[in-house]
1. If I ask for residues that are open to solvent by 50 Å² or more (accessible area, probe 1.4 Å) and under 27 Å from Asn156 (Cα atoms), which ones from the range 36-54 would you list?
2. Of the residues Ile360, Ile394, Ile420, Ile385, only one is buried (at least 18 other Cβ atoms within 10 Å of the Cβ), at pLDDT below 75 and hydrophobic (A, V, I, L, M, F, W, C); which?
3. Could you say which residue among Val59, Val82, Val137 is outside any helix (DSSP H, G or I), at negative phi and either surrounded by fewer than 18 Cβ atoms within 10 Å (Cβ to Cβ) or modelled with pLDDT under 80 (or both)?
4. Conditions first: (1) surrounded by 14 or more Cβ atoms within 10 Å (Cβ to Cβ); (2) at pLDDT 85 or above. Leu117 passes all but one, so which condition is the exception?
5. Does the range 153-177 hold any residues that are within 37 Å of the chain's Cα centre (by Cα), open to solvent by 50 Å² or more (accessible area, probe 1.4 Å) and of a type in the set (Val, Ile, Thr), and which are they?
6. Looking at Ser130, Ser150, which is the one that is of a type outside the set (Asp, Glu) and open to solvent by 70 Å² or more (accessible area, probe 1.4 Å)?
7. Condition first: in contact (Cβ under 8 Å) with a residue 60 or more places away in the chain, farther than 15 Å from Val37 by Cα and either touching a Pro at 6+ places or on another chain (Cβ under 6 Å) or of a type outside the set (D, E, K, R) (or both). Now tell me which residues in the range 118-135 satisfy that.
8. Within the range 178-223, track down each residue that is open to solvent by 80 Å² or more (accessible area, probe 1.4 Å), in a helix (DSSP H, G or I) and not small (Gly, Ala, Ser).
Amino acid sequence: MTIRNRLTLIYTLIVALILLALSLYVYYLMKLNFHQVFFEKLENRALSTAKVFLEKDEVSAAAFQDLEKRYTQTLPGEMVRVYDEQDRPSFIAEAKKGDFPSELIDRIRNEKGKVELDEGGKQIVGIPYSDNQGEFVIIAAAEDVSGRQSLAFTRNALLTGYIASLLIVFLSGRFFSKQALNPMSDIVRNVNRIRASNLHLRLNEGKGKDEIAELSITFNNMLERLEKSFETEINFVHNASHQLRTPLASMIIELEVALTKQRSAEEYQSLLASVLTEAEKLNHIISGLLDLAQVNRDESGTHLGIVRLDELLWDIRDKITKEVPDSKLQISFSNLPSSSDDLTIRGNKPLLDIAFFNLIENACKFSGNQEVNIQLISAPSGTLITIRDKGVGIPAAELSEVNRSFYRAKNAATFSGSGIGLSLAEKIIRIHKADFRIESKVGEGTSIQILFPRSS
């Protein structure tokens, strides 16, 4: 069953139950009202009879019969009786002793108040009446024909209105459910049009204030992530093919040249050393590409844990010292907080290891292993880490380009590398919501500032 049909049926069922309860309530009130009004008519009829026969002794039975004839049509099947203390019918000529059972007369006399009841299709009212002539019981009975007709008409009208209302409710429910679900149909239609080749397309988010807009926003966020994933895959393949081609080509050429003729042991040793160098370059590039792919995969911020920045810097210093024994790294701390918790952030430690290792290794490499200063400063706004070297620097015109993957500044051509490290580190820092800035002057060195805000 479609959502549209389900909504229509639920809406119709709810309204049907409400209308049914309302109709039954109206019918019940109408029935009570008709009964009450007719009982009041019978009571008035009984009191009128008492006044005619008990308070006005000069009025004859013929006079009452004339009065009775004038009211017969208003109260169909009417019968009024007056009973004395011996339960004998009085004053009314056609009255007989068995018109009303003696049990009813005794009940009215004992209860000393008005008695109302339905019996044999008639409504009956009995009242005790005291007069100077004695204690009497007056009973009036009649059929509420007009009341029953009015109730039947009301019942038919309510039933007809109920069925008509259900039909209207069902049709209006179909219409409004269609109107409400039209945006859903648009979303389905637009999503079905999106393919790998047009992931840039987005759904209309409207004013962004209802559930449909939230669904569109959710789809758009998902499409944005998918687009980034596809771009990452494409860029990875492109970068891998581009960067791996050069060392592989060099290795193939050197091996083909070596195989053209017999060579000495020294020549083969030189050849293997050259191939080993190219293989190391290849390994470095592959490692960088894999790190780049990991960063793009973890960009959603998953796998976060508690990372102490001071311990992270010491660990990286130890790693670089082992790999580059000639490096000169100096770590200093300023304004350290009283609590070590202020030096911690929520982050992905393996990624942060990659980022700071690349930044500090670059500082050592491009400064010719001159002294590199690493400073950690705790400030009210957050924790600031500064990495300063005295290397070749970056030309001002190229500062905006060095964050691109595989880009290398012109004055870095004599240094080994693939152009992945800086862009990779910058991406990782951005993922951790930190501020990343580079200041550099050619011939003087480079300063990189990373600020982790307190919210980290």
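1. If the condition is that a residue be open to solvent by 50 Å² or more (accessible area, probe 1.4 Å) and under 27 Å from Asn156 (Cα atoms), then Gln36, Val37, Glu40, Lys41 are the ones that fit.
2. Working: Ile360 fails: at pLDDT below 75; Ile394 fails: at pLDDT below 75; Ile385 fails: at pLDDT below 75.
Result: Ile420 is the single residue among Ile360, Ile394, Ile420, Ile385 that is buried (at least 18 other Cβ atoms within 10 Å of the Cβ), at pLDDT below 75 and hydrophobic (A, V, I, L, M, F, W, C).
3. Going through Val59, Val82, Val137 in turn, the sole match is Val59.
4. For Leu117, the failing item is (1).
5. Those that are within 37 Å of the chain's Cα centre (by Cα), open to solvent by 50 Å² or more (accessible area, probe 1.4 Å) and of a type in the set (Val, Ile, Thr): Ile163, Ile168.
6. Values: Ser150 fails: open to solvent by 70 Å² or more (accessible area, probe 1.4 Å).
After applying the criteria, what remains is Ser130.
7. Gly126, Ile127, Tyr129, Gln133
8. If the condition is that a residue be open to solvent by 80 Å² or more (accessible area, probe 1.4 Å), in a helix (DSSP H, G or I) and not small (Gly, Ala, Ser), then Lys178, Gln179, Val188, Arg189, Asn192, Arg193, Glu211, Glu214, Thr218 are the ones that fit.
The values are calculated or read from the model by the stated rules, or taken from the named source; none is laboratory data. Since we're looking at a predicted model, the values are computed, not measured. Positions of Cβ are backbone-derived with ideal geometry, glycine not excepted, and every protein chain shown enters the neighbour counts. All accessible areas refer to the heavy atoms of the entire protein, side chains included, with ligands and DNA or RNA removed. Shrake-Rupley method; radii C 1.70, N 1.55, O 1.52, S 1.80 Å.
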